[in-house]
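The values are calculated or read from the model by the stated rules, or taken from the named source; none is laboratory data. Worth saying up front: this structure is predicted, and the values here are computed from it rather than measured. Glycine also receives a Cβ, built like all others from the backbone with ideal geometry; neighbour counts cover every protein chain displayed. Protein only, heavy atoms only, side chains kept; ligands, DNA and RNA dropped before computing areas. Shrake-Rupley method; radii C 1.70, N 1.55, O 1.52, S 1.80 Å.
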Amino acid sequence: MKIISRFIIVVLLSISTSSFAFKAKENLHKADSTDNKTVNIIETKIDSLLGIMTLEEKIGQMNQYTGFWDVTGPAPKEGSAATKYDDLRKGLIGSMLNVTGAEQVRALQKIAVEETRLGIPLIIGFDVIHGYKTVSPIPLAESASWDLEAIKKSAEVAALEAAASGINWTFAPMVDISRDPRWGRVMEGAGEDTYLGSKIGVARVMGFQGDDLSSKRTIAACAKHFAGYGFAESGKDYNTVDVGTSTLFNIILPPFKAASDAGVATFMNSFNELNGIPATGNSFLQRDILKGKWNFDGFVVSDWGSIMEMLNHRYVATGKDAAELALLAGSDMDMESHLYIEHIADLVENNEVSIGLIDDAVKRILRIKFQLGLFDDPYRYCDPNFEKETIGSRPVQDAVLDMAKKSIVLLKNEGNILPLEKSGLNVLVVGQLARDKTSPLGNWRLGADNGTAVSLLEGLQKYDGNNYTFIEGPKMFDEEFSFPKEIKINNNDLSGLQEVISAARNADVVLLAFGEHAFQSGEGRSQSHISLPGVQQEAMEEIYKANKNVVLLLHNGRPLAIDWADKNIPGILDVWQLGTQSGNAIAEVIYGDYNPSGKLPMTFPKSVGQIPVYYNHKSTGRPKLPAPDEVFWSHYTDIDNEPLYPFGYGLSYTTFSYSNLNVDKVEKNKVTVSFEIKNTGKREGREVAQLYIQDVVGSVTRPVRELKGFELVNLKSNETKKVTIQLTENELGFYNNDGNFIVEPGDFKVFVGGSSNTQLEGAFKLD
Ligand code: NOJ
């Protein structure tokens, strides 16, 4: 019965609108591009298009399928290539993901535009997370630069390459804050801090989107995962999230709000439940906050299959209920659950959801398509010549190299073991990662080809004044694996170590390329151990016995617990996964052609048992050791409370001193903080000067410190510069437990320096 009645409605609607439809199709496609930039004109066009769309066509716009060759989630049961082509021709697909290449996209777009009744173009999405073909450092590494311009540039070149390859929309930036390095996806975010994370999220949005979405050099961005995904219990991906209102409003939501305020085109919701309600069906998040309070006018896409997964959460009993609740909660587009296309028409016909909700979702989706210029020229992003000249071009390579150098963090440099002399040294390079050309590309670089990164060994070749010996040593990982399989780590075979030890005895310095492979972090790759994987710890200790001049080049997608290395190894450089130009960037830093300037965006714990350990924790009722042998205070009995390396920490080949801190309250709720930084070492260097506040007493307890400003300062040897940072209500206030932003009178402390544990302190009072 239902099927018949739906069929009749569809036929009637098509008959009554078909002549309009063809006119609309022509007019929309011929529209002047300057018209499209005017909001009102776009709104009028959306309304007229909506007026001639059938219910099925509307629902089609809300339906997103993956392409025919890639999946970035569990493969769906249905949706074979033939079915998808069929659905596409019927106008039942509004968007596709995982389709790339100017020619391939053109072929699909041609069907959407020329063979469907209304000719509405597809929006093509792809995970352009830290680069497309040419890859930047993983986002966590980029964040260590604290360099918003470089980060924006990195997103800009990623967008350029992706747009040239037919892509309109990236599922980035991920603005999830996380305090748990066990969570594999910390590699994809900006770390643990809301203030830094918000600034970086905005820089990425601006880089991807530019100031004109319709340019063939830009793509739409997507703030994800809304919300709470980074707070998965025990750091296990997709796990339950249960957080209080204060954490939700002050830590989790602000980067999303910043992205929304910056004009991000889309949001993606999240796999997790938040306080008992799956984020995908969470109307408080999507309707009340995002589309209500924040007035967001773009659209929300579900995460891969997350509408369907509400059944697994046991929040709904049927796919139809899942579709209904997701829609009611404000999820506009269904990524790969296939539930909207299956159930929404019935839900509307049975008056279970109103057509108004469908229209709202469709309008949002069409709005972004119009803004992208897809109605002006659906093939704008499908020019193979532009694709060819853009991908891997010099400016793109330069941007990712610059980003890679700025992302490296010098964690230890005892006796100034670094930088190395450029000649006369016997350098022993150890570890499979030193020759690896795939792992440096990181986990989330779907568009890049394996084996395209500059390896460490290749990067070192430029510095040919030294003698190099490379010995791989004990195998670290099995190279015979492919995405998305789990990587196999060698946990017991130390063969090859003796050869390294003998060579180490004759070397002047040993460079240990150790740490994680890129496929140990990322989605679905949470870990309960975050020390050096496999046999590396044991190997490192043995090598160190043979030669103390060791530099650990730490490859990692998350903070690692390297307590032993910190106590023993003289030089430690955090080289993350640095992307296409990895080897060149690391070599430049090893030899001092770039003086490292990165600062950690996430705390490194001493052991996994300290997690979550983060700088902006609360005081608790028992914060301090009352007497040396006291027991009853907030601590562990087997390890101290201090992390291995705090948030904001990072060394340089030069040194900096901070002085002359001045704090002036210039007017109500406005404070000017100034201080001086001097380069007290012998080399030119760059410092990330950081400002933290403590709101001493709050009606909701406040963290011990909160980052509220920072500035990048370049200084020649002996040079001094004055830094001035303004604190306004935005920095001085916080969200109370009702979600209202308030500024409270009272005492504040200010701390400035080169790390979150800096001791240079000032004060002010608000009345
Ligand atoms: C699942 C991930 O959680 C999300 O971030 C990604 O964008 C989608 N898959 C699409 O690949």
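Hey, got a sec? Which GluC sites (Glu not before Pro) in region 454-543 land in a DSSP loop and have at most 11 other Cβ atoms within 10 Å? It would help to have the intermediate numbers written out before the result.
On the way: sites: E458, E472, E479, E480, E486, E499, E516, E523, E538, E541, E542; in loops: E472, E479, E480, E486, E516, E523.
Within region 454-543, the qualifying GluC sites (Glu not before Pro) (loop, at most 11 other Cβ atoms within 10 Å) are E480, E486.
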How much of R179 can a 1.4 Å solvent probe reach, expressed as accessible area in Å² and rounded to 10? 30
Contour minus Cα-Cα distance for R505 and A317 (0.36 nm per residue): 61.1 nm
State the volume of the convex hull built on the alpha-carbon positions of the chain, expressed per residue in Å³ and rounded to an integer. 164
In square angstrom, rounded to the nearest 10, how much accessible surface does R394 have for a 1.4 Å probe? 150
Give me the lysines in straight-line cross-link reach of K90: C-alpha distance below 29 Å, same-chain residues under 8 apart excluded. K2, K23, K25, K30, K45, K58, K77, K110, K216, K320, K363, K369
Length-normalised contact order of the chain in % [C-alpha pairs under 8 Å, at least 6 apart]: 13
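Hey, what number do you get for the chain at 222 nm if only DSSP H runs of n ≥ 4 count, each worth -39500 (n - 2.57), divided across all residues, to the nearest 500?
On the way: 22 runs with 225 residues, N = 767.
Only helices count here, giving -8500 deg cm²/dmol.
Please state the shape class of region 388-513: rounded when a/c is under 1.5, otherwise prolate if a/b exceeds b/c and oblate if not, all from the C-alpha gyration tensor. Please report the intermediate quantities before stating the final value.
Details: a/c = 2.11, a/b = 1.20, b/c = 1.75.
Oblate, since a/c reaches 1.5 and b/c is not below a/b.
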Beta carbons within 10 angstrom, averaged per residue: use that to sort the peptides 642-651, 437-446, highest first. 437-446, 642-651
With every atom except the alpha carbons ignored, what do you get for Rg and Dmax of region 400-603, in angstroms? 15.6, 46
For the pair D261 and E389, the simple spin-label estimate (label points 7 Å beyond Cα toward Cβ) gives in nm 4.0
Using a 1.4 angstrom probe with every protein chain in place, what is the largest-first accessible-area order of S502, S198? S502, S198
Straight-line reach only, C-alpha to C-alpha below 15 angstrom: list the aspartates and glutamates that K462 could link to, leaving out same-chain residues fewer than 8 apart. E421, E588, D593
Within the accessible area of the chain, what % is carbon and sulfur when the probe is 1.4 Å and the other protein chains stay in place? 50
Provide the net charge surrounding K722, with neighbours chosen by a C-beta distance below 14 Å and charges set as Lys +1, Arg +1, Asp -1, Glu -1. -3
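Write down the percent of antiparallel bridges among all DSSP beta bridges whose residues are both part of the chain, to the nearest 5.
Working: 51 of 90 bridges.
That works out to approximately 55 percent antiparallel.
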For V362, V202, write out the residues from largest to smallest accessible area, computed with a 1.4 angstrom probe and no ligands counted. V202, V362
Sequence of D346, D297 from largest to smallest accessible area, 1.4 Å probe: D297, D346
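Rounded, prolate or oblate, given the Cα gyration tensor of region 668-721, with a/c below 1.5 counting as rounded? Kindly include the intermediate steps, with their values, before the conclusion.
Working: a/c = 3.92, a/b = 2.64, b/c = 1.49.
Since a/c reaches 1.5 and a/b is larger than b/c, the shape of region 668-721 is classed as prolate.
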